[in-house]
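Asks: Just passing along the structure, written as structure tokens.
The values are calculated or read from the model by the stated rules, or taken from the named source; none is laboratory data. Since the model is a prediction, treat every value here as computed from it, not as a measurement. So basically every Cβ, Gly included, is an ideal-geometry build from the backbone, and we count neighbours across all protein chains shown.
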Amino acid sequence: MFMDEARFGRISDTRYCWCPKPFRPVCYSMVSHEYTYAYAAVSVMDGKVDSLILPQVNGVCMQIFLDEISLRYPDDRMIMVLDGAGWHRNESLTIPDNIRLLMFPPYSPELNPVEHLWDDLREKAFHNVVFNSIDALEDHLEEALRNMENDQDRIRSIVAWPWIINALLN
């Protein structure tokens, strides 16, 4: 599995949109400093995504995520590939017995296919949207993640890079 986390906040992503002439579209924008974080792990072979929404990126939340993934796949042994963020290397982490962590080389986010899931999620579900509260943002994020998790073919088309598939099959 490949793993990453992303920050989602009450900052709107205003983009061009279509509107019939002679009308002008109205797109609201907001800048606020409230954030929540989505953690996700994806299996590139089948496009299965597991995600959690957590309040921070730190060792405590990383432990919650690892424990949850371990519980969802108790009979599987997994190698979880992730970047070298400080909370991924936190010495207080207790890595579950069925998970092994494998770090990407430093400064190489382009190697992580989950980064492209975040791009797709933001493009499809978060442009020209303003949230009245952090709870509304989290509700929207939960629905967007659920839709993403239920579309394994689309996910596989995003993350099943040939070099990864070849490495797994050889």
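Asks: For GLU34, only one of the following conditions fails: (1) under 23 Å from ASP139 (Cβ atoms); (2) modelled with pLDDT of 95 or more. What is its number?
Replies: GLU34 satisfies every listed condition except (2).
Asks: Can you confirm whether TYR39 is under 18 Å from ARG7 (Cβ atoms), surrounded by fewer than 16 Cβ atoms within 10 Å (Cβ to Cβ), among the aromatic types (Phe, Trp, Tyr) and at pLDDT 85 or above?
Replies: no
Asks: What number goes with the only condition from (1) closer than 20 Å to LEU141 by Cβ; (2) assigned to a loop (DSSP other than H, G, I, E, B) that ASP75 does not pass?
Replies: (1)
Asks: Condition check: under 20 Å from the mean Cα position of the chain (by Cα), outside any loop (DSSP other than H, G, I, E, B), more than 27 Å from LEU137 (Cβ to Cβ) and modelled with pLDDT of 85 or more. Does ARG100 satisfy that?
Replies: Yes.
Asks: Would you be able to say whether some residue in the range 87-95 is modelled with pLDDT of 95 or more and surrounded by 17 or more Cβ atoms within 10 Å (Cβ to Cβ)?
Replies: So far as the range 87-95 goes, no, none of its residues is modelled with pLDDT of 95 or more and surrounded by 17 or more Cβ atoms within 10 Å (Cβ to Cβ).
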